[in-house]
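A.B. asks: Encoded as structure tokens, here's the structure I'll be asking about.
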Amino acid sequence: MLKQRIITALILLPIAILGFFWLEGAAFALFIGAVVTLGAWEWARLAGREQPSWRIGYAGAVALALLALYQVPALAMPVVALGVLWWIAATFLVLTYPDSTRFWGGSRGSLLIGLLILLPAWQALLVLKSWPMGNWLILSVMVLVWTADIGAYFSGRRFGKKKLAPKVSPGKSWEGVYGGLAAALLVTLVTALSRGWPFAELLLALLAAALVVLISVVGDLSESMFKRNAGIKDSSQLLPGHGGVLDRIDSLTAAVPVFVLLLWLAGWGV
């Protein structure tokens, strides 16, 4: 398993780096769109649609929706804001699972939720890419989430006792959340000090980082919630040793829209 994970990572890492930081414009939108479309193919299974025709059809519908959004850039921030609203609602659904399943609307409702997860994440990345220092911003949110994940892993293993959401993901603990949050805030603090940010901007950056990290946890737990409800362990086996695409991007699908909305409210890119 470890060998598979390493080989897959060595293949995917250069592809991801080239796609995120070298591609521009329509090519970048197409690259991210391909990842999101694969995620849609997986999501149909999480929504209870195992049939190949349903999964391909849902992926195709998402691809068409992405194409339509690309043609209407004025919808970018409304779509991002809609995604943020979903993640606020998702927090409630995760905290109240399994009782919250009655709010999903069954398989059809779950398919709709997939749109609220995938489309805003794609749109938010396109917005980031179009802003000044777009590549730096994309790298920043990724590093923030990855740092939090690493901090949560080690903190949870060493100190984890109080379960975070035992009915959704029994392995996660509040101590893991605290460790991940501390690691991300430390990285933010070091960045702010090294770049000489004023004190007021430093405080806002720390607050924004905390919000992004916490919502990334909700993103992770949300996918776990739908997988648990569907009775499956991984979203697919597309990535040997890593599971599926959604298993790799679940935290980012939540973090990126929130990151973009916070920057937009602060006047970035306007």
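The values are calculated or read from the model by the stated rules, or taken from the named source; none is laboratory data. Fair warning: this is a prediction, and the values are worked out from it, not measured in the lab. Ideal geometry is used to build each Cβ from the backbone, glycine not excepted, and the neighbour counts take in all protein chains shown.
A.B. asks: From the residues in segment 189-201 that are of a type in the set (A, V, I, L, M) and over 27 Å from Thr91 (Cα atoms), which one is surrounded by the fewest Cβ atoms within 10 Å (Cβ to Cβ)?
C.D. replies: Ala200
A.B. asks: Can you tell me which condition Ala209 does not meet? The list is (1) farther than 18 Å from Val256 by Cα; (2) in a helix (DSSP H, G or I), and all the others hold.
C.D. replies: So the condition that Ala209 fails would be (1).
A.B. asks: For Arg45, which of the numbered conditions (1) surrounded by 18 or more Cβ atoms within 10 Å (Cβ to Cβ); (2) at pLDDT 95 or above; (3) not hydroxyl-bearing (Ser, Thr, Tyr) fails to hold?
C.D. replies: (2)
A.B. asks: Among the candidates Pro120, Pro132, which residue alone is of a type outside the set (A, V, I, L, M, F, W, C) and farther than 20 Å from Gly19 by Cβ?
C.D. replies: Details: Pro120 fails: farther than 20 Å from Gly19 by Cβ.
Matching residue, one of Pro120, Pro132: Pro132.
A.B. asks: Quick check on Trp54: is it over 22 Å from Phe28 (Cα atoms), assigned to a helix (DSSP H, G or I) and modelled with pLDDT under 95? Can you show your working first?
C.D. replies: On the way: over 22 Å from Phe28 (Cα atoms): yes; assigned to a helix (DSSP H, G or I): yes; modelled with pLDDT under 95: yes.
In short, yes.
A.B. asks: Within segment 125-170, how many residues are surrounded by 14 or more Cβ atoms within 10 Å (Cβ to Cβ), among the charged types (D, E, K, R) and assigned to a helix (DSSP H, G or I)?
C.D. replies: 2
A.B. asks: If you don't mind, another one. Name the single residue, out of those in segment 173-184 being buried (at least 22 other Cβ atoms within 10 Å of the Cβ) and under 17 Å from the mean Cα position of the chain (by Cα), that is nearest to Asn229 (Cα to Cα).
C.D. replies: Per the stated criteria, the residue is Gly180.
A.B. asks: On to the next question. Could you list, in sequence order, the residues of segment 89-99 that are touching a residue at least 60 places away in the same chain (Cβ under 8 Å) and either surrounded by 21 or more Cβ atoms within 10 Å (Cβ to Cβ) or in contact with a helix residue (DSSP H, G or I) (Cβ under 8 Å, 6 or more places away or on another chain) (or both)? Working first, answer last.
C.D. replies: Step one: of segment 89-99, the residues touching a residue at least 60 places away in the same chain (Cβ under 8 Å) are 90-91, 93-95, 97-98.
Answer for segment 89-99, where residues must be touching a residue at least 60 places away in the same chain (Cβ under 8 Å) and either surrounded by 21 or more Cβ atoms within 10 Å (Cβ to Cβ) or in contact with a helix residue (DSSP H, G or I) (Cβ under 8 Å, 6 or more places away or on another chain) (or both): Ala90, Thr91, Leu93, Val94, Tyr97, Pro98.
A.B. asks: Any idea how many residues of segment 219-245 are assigned to a loop (DSSP other than H, G, I, E, B), more than 15 Å from Thr101 (Cβ to Cβ) and either at pLDDT 85 or above or of a type outside the set (Lys, Arg) (or both)? Don't jump to the end; show me each part of the working.
C.D. replies: Of all residues in segment 219-245, those assigned to a loop (DSSP other than H, G, I, E, B) come to 231-238, 240-242, 244.
Within this subset, residues satisfying the condition of being more than 15 Å from Thr101 (Cβ to Cβ) are 232-238, 240-242, 244.
Add one more test, that the residue is either at pLDDT 85 or above or of a type outside the set (Lys, Arg) (or both), and what stays is 232, 234-238, 240-242, 244.
Number satisfying all stated conditions: 10.
A.B. asks: Identify all residues within segment 171-185 that are in contact with a helix residue (DSSP H, G or I) (Cβ under 8 Å, 6 or more places away or on another chain) and either part of a helix (DSSP H, G or I) or among the hydroxyl-bearing types (Ser, Thr, Tyr) (or both); write none if there are none. Explain how you work it out, then say what you get.
C.D. replies: To start, the set of residues in segment 171-185 that are in contact with a helix residue (DSSP H, G or I) (Cβ under 8 Å, 6 or more places away or on another chain) comprises 171-173, 175-185.
Across segment 171-185, the qualifying residues are Ser173, Glu175, Gly176, Val177, Tyr178, Gly179, Gly180, Leu181, Ala182, Ala183, Ala184, Leu185.
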